[in-house]
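See below for the structure under consideration.
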Amino acid sequence: MKFIVSSTVLLKQLQSISGVLNTNNTLPILDNFLFKISDHKLIVSASDLETTMTTEIELNNADKDGAVAVPARFILDTLKTFADEPLTFTVDDNSFGIEMASSNGKFKLTGFNGEEFPRIPSIEKASELTVSSNALSNAVSKTLFATGNDELRPVMSGVMFELNEDNLTFVSTDAHKLVRYRRLDAKADKAASFIMPKKPLTLLKGILDADTDVKIQYNNMNAYFEFNNVQLICRLIDGTYPNYEAVIPKENNNVLTIDRKSFLASVKRVSIFSNKTTHQVRLKISGSELNISAEDLDYANEAKERLTCQYEGEDIEIGFNSRFLVEMLNNLNSEQVRLLLSEPNRAGLLVPEGGDENEEVLMLVMPVMLNH
């Protein structure tokens with residue numbers, strides 16, 4: 001089997017799917033890329049059994065179809081050293097030895113039988129929808145940070161996709177914070193929901209480029225994403241997602257509106273002086289004044305700042321974990337944000353003021369008890 005491919009094109013495509021590779025695989029064959037020649041195309045796959053990514057490169061020169069498993073680290077490290085030039089790959093059909101020839105030299109490495117590579121799962125009885133890459137990228141970016149890491153509650157370690165006939169909703173929570181991201185400009189033919197694991201979403205977030213359509217197919221076990229020349233298929237998280245609507249407070253009569261960047265900078269500064277275990281900051285709101293304070297009694301550290309704001313409601317004093325507030329404010333991009341509060345012992349809601357009319361973002365953060 002023999003084919004010619006550009007070194008930079010091959011490197012770019014391999015790097016786009018190399019995030020799937022694990023450092024400690026149970027099956028040694030998973031340390032390889034699967035190179036498959038079919039109809040003058042080079043189809044390259046990488047897998048960790050749970051997630052498989054595939055990319056395609058058009059070839060001008062390929063003598064026949066076939067498959068070989070190529071050591072991933074070896075080929076990546078080698079390709080990084082080349083300027084853009086054509087490389088000729090020759091694969092021995094019996095030993096799977098690979099010879100790579102450039103204009104200046106020849107390189108030989110050991111390949112493996114492509115038949116040993118795990119079969120890429122096919123999706124049967126799948127439902128399908130199409131979403132813009134921009135919408136999907138925003139949804140993933142704004143929800144991924146709020147997923148949990150608790151192995152005992154695997155459903156909370158992923159993002160729930162809730163598909164409806166009038167919108168798409170994406171939800172993530174770790175029981176301390178929750179994000180509900182809704183797209184009003186995308187919809188599905190029928191209602192359905194599934195829970196996507198964190199790793200494939202992180203991979204998607206890294207390679208989704210602007211202004212392309214993403215085809216999504218899903219059934220009870222797997223989800224499949226296809227855009228440009230990349231395909232990703234992954235196993236879904238099995239289980240029932242918690243009833244997230246039940247924890248979102250409906251009556252929030254105290255509404256604080258404030259400049260997001262000033263609020264973020266102030267919380268960051270003040271939190272440096274907070275207790276290193278609780279990371280607690282105290283928000284005291286009265287009139288058009290927001291006082292942010294933190295203290296660490298063990299080291300006699302203390303910080304206070306005052307910001308002007310717009311506020312409607314009764315005077316209130318409430319505590320939050322500063323790390324959660326900082327994460328949420330970092331993941332919003334509006335100039336102004338609103339903090340909706342009901343009681344000092346009930347969750348606060350952070351929502352952007354203005355912004356894209358096709359998206360609805362709601363971030364919930366649980367309070368921490370203040371010791372007076």
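Worth pointing out:
- If you check SER18, SER95 for being more than 19 Å from SER122 (Cα to Cα), open to solvent by 50 Å² or more (accessible area, probe 1.4 Å), small (Gly, Ala, Ser) and not in a strand (DSSP E or B), only one passes: SER95.
- All of ALA126, ALA83, ALA67 fail the test of being touching a Ser or Thr at 6+ places or on another chain (Cβ under 8 Å) and at negative phi, apart from ALA83.
- Hey, THR240 open to solvent by 50 Å² or more (accessible area, probe 1.4 Å) and on the phi < 0 side of the Ramachandran plot or not: yes
- Hits in the stretch 105-127 (condition: in contact with a strand residue (DSSP E or B) (Cβ under 8 Å, 6 or more places away or on another chain), in a loop (DSSP other than H, G, I, E, B) and under 13 Å from ALA67 (Cα atoms)): GLY111, PHE117, PRO118
- Members of the stretch 330-372 found to be part of a loop (DSSP other than H, G, I, E, B), in contact with an Asp or Glu (Cβ under 8 Å, 6 or more places away or on another chain) and farther than 17 Å from ALA246 by Cβ, listed by number: SER334, GLU335, PRO344, GLY354, ASN358, LEU370
- Residue within the stretch 99-106 that is over 35 Å from the mean Cα position of the chain (by Cα) and among the hydrophobic types (A, V, I, L, M, F, W, C) present: yes
- Test: THR52 is touching a Cys at 6+ places or on another chain (Cβ under 9 Å), in a strand (DSSP E or B) and not basic (Lys, Arg): yes
- The selection criterion, being under 22 Å from PHE324 (Cα atoms) and surrounded by fewer than 18 Cβ atoms within 10 Å (Cβ to Cβ), does not hold for THR212.
- Residue satisfying all of: in the stretch 131-170; buried (at least 18 other Cβ atoms within 10 Å of the Cβ) and aromatic (Phe, Trp, Tyr); farthest from ALA223 (Cα to Cα) among these: PHE170
- Residue within the stretch 68-87 that is in a helix (DSSP H, G or I), polar (S, T, N, Q), farther than 30 Å from PHE194 by Cβ and open to solvent by less than 60 Å² (accessible area, probe 1.4 Å) present: yes
- Candidates SER266, SER334, SER342, SER271, filtered to the one that is touching a His at 6+ places or on another chain (Cβ under 9 Å), open to solvent by less than 60 Å² (accessible area, probe 1.4 Å) and not aromatic (Phe, Trp, Tyr): SER271
- Pick from the stretch 260-306, criterion β-branched (Val, Ile, Thr) and in contact with an Asp or Glu (Cβ under 6 Å, 6 or more places away or on another chain), ranking: nearest to VAL351 (Cα to Cα): ILE292
- Screening the candidates ASP77, ASP92 for the property of being free of Cβ contacts under 8 Å to residues at least 60 places away in the same chain and under 19 Å from LEU11 (Cα atoms) yields one hit, ASP77.
- Residue count for the stretch 43-64, restricted to those that are over 24 Å from the mean Cα position of the chain (by Cα) and either open to solvent by less than 70 Å² (accessible area, probe 1.4 Å) or under 19 Å from GLN231 (Cβ atoms) (or both): 5.
- Filter pass, VAL179 being at pLDDT 95 or above and part of a strand (DSSP E or B): yes
- Qualifying residues in the stretch 185-208 (those that are touching a residue at least 60 places away in the same chain (Cβ under 8 Å) and open to solvent by 70 Å² or more (accessible area, probe 1.4 Å)) - the one nearest to GLU359 (Cα to Cα): ASP185
- Pairs, first at positive phi and part of a loop (DSSP other than H, G, I, E, B) in the stretch 253-280, second basic (Lys, Arg) and surrounded by fewer than 18 Cβ atoms within 10 Å (Cβ to Cβ), C-beta under 9 Å, six or more apart: HIS279/ARG323
- Qualifying residue in the stretch 330-345 (condition: of a type outside the set (S, T, N, Q) and within 20 Å of the chain's Cα centre (by Cα)): yes
- Residues being among the hydrophobic types (A, V, I, L, M, F, W, C), open to solvent by 70 Å² or more (accessible area, probe 1.4 Å) and either in contact with a Pro (Cβ under 7 Å, 6 or more places away or on another chain) or more than 16 Å from VAL326 (Cα to Cα) (or both) - total across the stretch 353-372: 1
The values are calculated or read from the model by the stated rules, or taken from the named source; none is laboratory data. Here the structure is a predicted model, which is why all the values come from computation and not from measurement. Cβ: placed from backbone, ideal geometry, glycine included. Neighbour counts: every protein chain shown. Note: areas computed on protein heavy atoms with side chains; ligands, DNA, RNA excluded. Shrake-Rupley method; radii C 1.70, N 1.55, O 1.52, S 1.80 Å.
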